[in-house]
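*Asks:* Below is a structure I'd like to ask you about.
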Amino acid sequence: MRSLRERMIRQMKLRNLAPSTQEYYLWALSRLERHCGKPLERIGLEEIRDYLLYLHETRGLTPGSVNSYSRAFRFLYQSVLNRPWPQNGIPAARVPKKLPVVLAPSEVVRFFDAVKSVKYRSIFQIMYAAGLRIGEVASLRARDIDSARMVIDVRQGKNNKDRQVMLSKNLLVSLREYWRTCKPRKGQANQKDPWLFPGLDPQAHITTDPIRKVYRKVRRQARIKKKMTPHTLRHSFATHLLESGVDLRTIQVLLGHSSISSTAIYT
């Protein structure tokens with residue numbers, strides 16, 4: 001008989017959820033299980049409500065982050081445990097609309113000056129110079145950097161969509177320096193299709209947790225007072241393109257937005 005984790009993974013694969021989504025759902029469920037101190041199949045809706053409230057009021061998570069946890073729990077209940085998920089019982093938190101935090105060009109320079117690791121500098125450069133999400137960067141393979149056509153292939157990004165983004169000459173130079181210096185191919189069993197940024201286990205790509213940890217450290221060292229997250233680099237990419245005269249439709253395609261209204265926030 002399959003374990004609950006195995007059943008969860010099987011259902012996520014059957015529904016073709018993005019690898020980053022699968023990773024996040026499993027992580028969120030492990031946090032719930034640890035908080036409640038009991039197996040997931042024994043955790044009831046009332047305990048889930050209490051945990052979501054704890055995340056918001058005690059841990060200080062944003063409504064959007066709380067909703068992300070809730071989606072993982074709903075998937076477990078509906079798709080794995082075959083239990084009802086009352087929409088009114090656990091409603092989605094209202095997410096206030098805010099303008100994105102954007103770095104000034106001088107702040108971008110300060111940020112990258114504070115990055116000492118060649119590996120993490122390359123990760124952050126891709127997020128800023130190509131506008132990739134943190135999960136999209138983490139799951140890149142070496143073959144996704146197409147230097148002949150000067151594009152980066154983003155495979156199965158948000159909503160399982162593929163897209164291509166621009167690869168600047170400066171970014172390509174930095175990535176080649178990283179490849180020579182860090183030799184990420186070493187230790188990977190799949191030498192013909194290696195991860196661009198392998199994790200502690202070289203057979204898997206880096207997860208988002210260490211990227212976020214290094215990001216917070218760099219932000220403190222750069223003494224940037226804005227309330228910024230790794231996604232701020234993507235926001236800054238879009239805003240700086242708009243300010244340099246790139247049209248909104250082009251930016252929408254580069255960001256992988258389904259709707260132009262999502263991109264219009266940068267205006």
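The values are calculated or read from the model by the stated rules, or taken from the named source; none is laboratory data. Small disclaimer: the values here were computed from a predicted structure and weren't measured. FYI the Cβ positions are ideal-geometry reconstructions off the backbone, even for glycines, and counts take in every protein chain you see. In case anyone asks, the SASA skips ligands and DNA or RNA and just uses the protein heavy atoms, side chains included. Shrake-Rupley method; radii C 1.70, N 1.55, O 1.52, S 1.80 Å.
*Asks:* Looking at (1) open to solvent by 30 Å² or more (accessible area, probe 1.4 Å); (2) touching a residue at least 60 places away in the same chain (Cβ under 8 Å); (3) under 27 Å from K186 (Cβ atoms); (4) not aromatic (F, W, Y), which is the one condition that is false for K161?
*Replies:* (3)
*Asks:* Only one of (1) open to solvent by 60 Å² or more (accessible area, probe 1.4 Å); (2) touching a strand residue (DSSP E or B) at 6+ places or on another chain (Cβ under 8 Å); (3) not aromatic (F, W, Y) fails for K169. Which number is that?
*Replies:* K169 satisfies every listed condition except (2).
*Asks:* For the range 7-20, what are the residues that are surrounded by 11 or more Cβ atoms within 10 Å (Cβ to Cβ) and either in contact (Cβ under 8 Å) with a residue 24 or more places away in the chain or farther than 26 Å from I134 by Cα (or both)? Write out each step before concluding.
*Replies:* Filtering the range 7-20 down to residues surrounded by 11 or more Cβ atoms within 10 Å (Cβ to Cβ) leaves 7-13, 15, 17-20.
The answer is R7, M8, Q11, M12, R15, L17, A18, P19, S20.
*Asks:* Now a separate question. What pairs come up if the first residue lies in the range 130-149 and is hydroxyl-bearing (S, T, Y), the second is open to solvent by less than 30 Å² (accessible area, probe 1.4 Å) and in a helix (DSSP H, G or I), and their beta carbons are under 8 Å apart, counting only those six or more places apart or on different chains?
*Replies:* What qualifies is S147/L172.
*Asks:* Can you tell me how many residues within the range 180-192 are free of Cβ contacts under 8 Å to residues at least 60 places away in the same chain and open to solvent by 70 Å² or more (accessible area, probe 1.4 Å)?
*Replies:* Summing the residues that are free of Cβ contacts under 8 Å to residues at least 60 places away in the same chain and open to solvent by 70 Å² or more (accessible area, probe 1.4 Å) in the range 180-192 gives 8.
*Asks:* Separate question: Of everything in the range 168-187 that's over 22 Å from the mean Cα position of the chain (by Cα) and assigned to a loop (DSSP other than H, G, I, E, B), which residue is farthest from V151 (Cα to Cα)?
*Replies:* The extreme case among them is G187.
*Asks:* Turning to a different aspect of this structure: If we keep just the residues of the range 42-88 that are surrounded by fewer than 14 Cβ atoms within 10 Å (Cβ to Cβ) and of a type in the set (G, A, S), which is modelled with the highest pLDDT?
*Replies:* Step by step, filter the range 42-88, then rank; the result is G44.
*Asks:* Among (1) touching a residue at least 60 places away in the same chain (Cβ under 8 Å); (2) open to solvent by 40 Å² or more (accessible area, probe 1.4 Å), there is one condition S30 misses while meeting the rest; what is its number?
*Replies:* (1)
*Asks:* All but one of (1) open to solvent by less than 30 Å² (accessible area, probe 1.4 Å); (2) of a type outside the set (D, E, K, R); (3) touching a residue at least 60 places away in the same chain (Cβ under 8 Å); (4) under 30 Å from G131 (Cβ atoms) hold for V101; which doesn't?
*Replies:* (1)
*Asks:* Right, next: May I ask you to verify whether A222 is open to solvent by less than 70 Å² (accessible area, probe 1.4 Å) and touching a Phe, Trp or Tyr at 6+ places or on another chain (Cβ under 7 Å)? It would help to see each step written out before you state the result.
*Replies:* Numbers: open to solvent by less than 70 Å² (accessible area, probe 1.4 Å): yes; touching a Phe, Trp or Tyr at 6+ places or on another chain (Cβ under 7 Å): yes.
Yes, satisfied.
*Asks:* Give the range 31-71 a look and list any residue that's outside any helix (DSSP H, G or I), over 24 Å from the mean Cα position of the chain (by Cα) and at negative phi, or say none.
*Replies:* Initially, the range 31-71 is screened for residues outside any helix (DSSP H, G or I), giving 37-39, 43-44, 58-62.
Remaining after also requiring over 24 Å from the mean Cα position of the chain (by Cα): 37-39, 43-44.
Selection gives K38, P39, I43, G44.
*Asks:* Out of the range 225-241, which residues are surrounded by 19 or more Cβ atoms within 10 Å (Cβ to Cβ) and within 22 Å of G60 (Cα to Cα)?
*Replies:* M228, P230, T232
*Asks:* Can you name the residue in the range 75-127 that is more than 30 Å from Y54 (Cα to Cα), aliphatic (A, V, I, L, M) and part of a helix (DSSP H, G or I) and is also nearest to the chain's Cα centre (by Cα) among such residues?
*Replies:* Let us first name the residues in the range 75-127 that are more than 30 Å from Y54 (Cα to Cα), namely 103-127.
Next, from what is left, pick out any that are aliphatic (A, V, I, L, M): 103-104, 108-109, 114-115, 118, 123, 126-127.
Among the residues that remain, those that are also part of a helix (DSSP H, G or I) are: 108-109, 118, 123, 126-127.
Working: V108: 20, V109: 23, V118: 20, I123: 12, I126: 13, M127: 10 Å.
My answer is M127.
*Asks:* Another question, then. Filter the range 242-258 down to the residues that are in a loop (DSSP other than H, G, I, E, B), open to solvent by less than 70 Å² (accessible area, probe 1.4 Å) and without any contact (Cβ under 8 Å) to a residue 40 or more places away in the chain and list them by number. Reasoning before the result, please.
*Replies:* Here is the first cut: in the range 242-258, the ones in a loop (DSSP other than H, G, I, E, B) are 244-247, 256-258.
With the extra rule that they be open to solvent by less than 70 Å² (accessible area, probe 1.4 Å), the set shrinks to 245-246, 256-257.
Across the range 242-258, the qualifying residues are G245, V246, H257.
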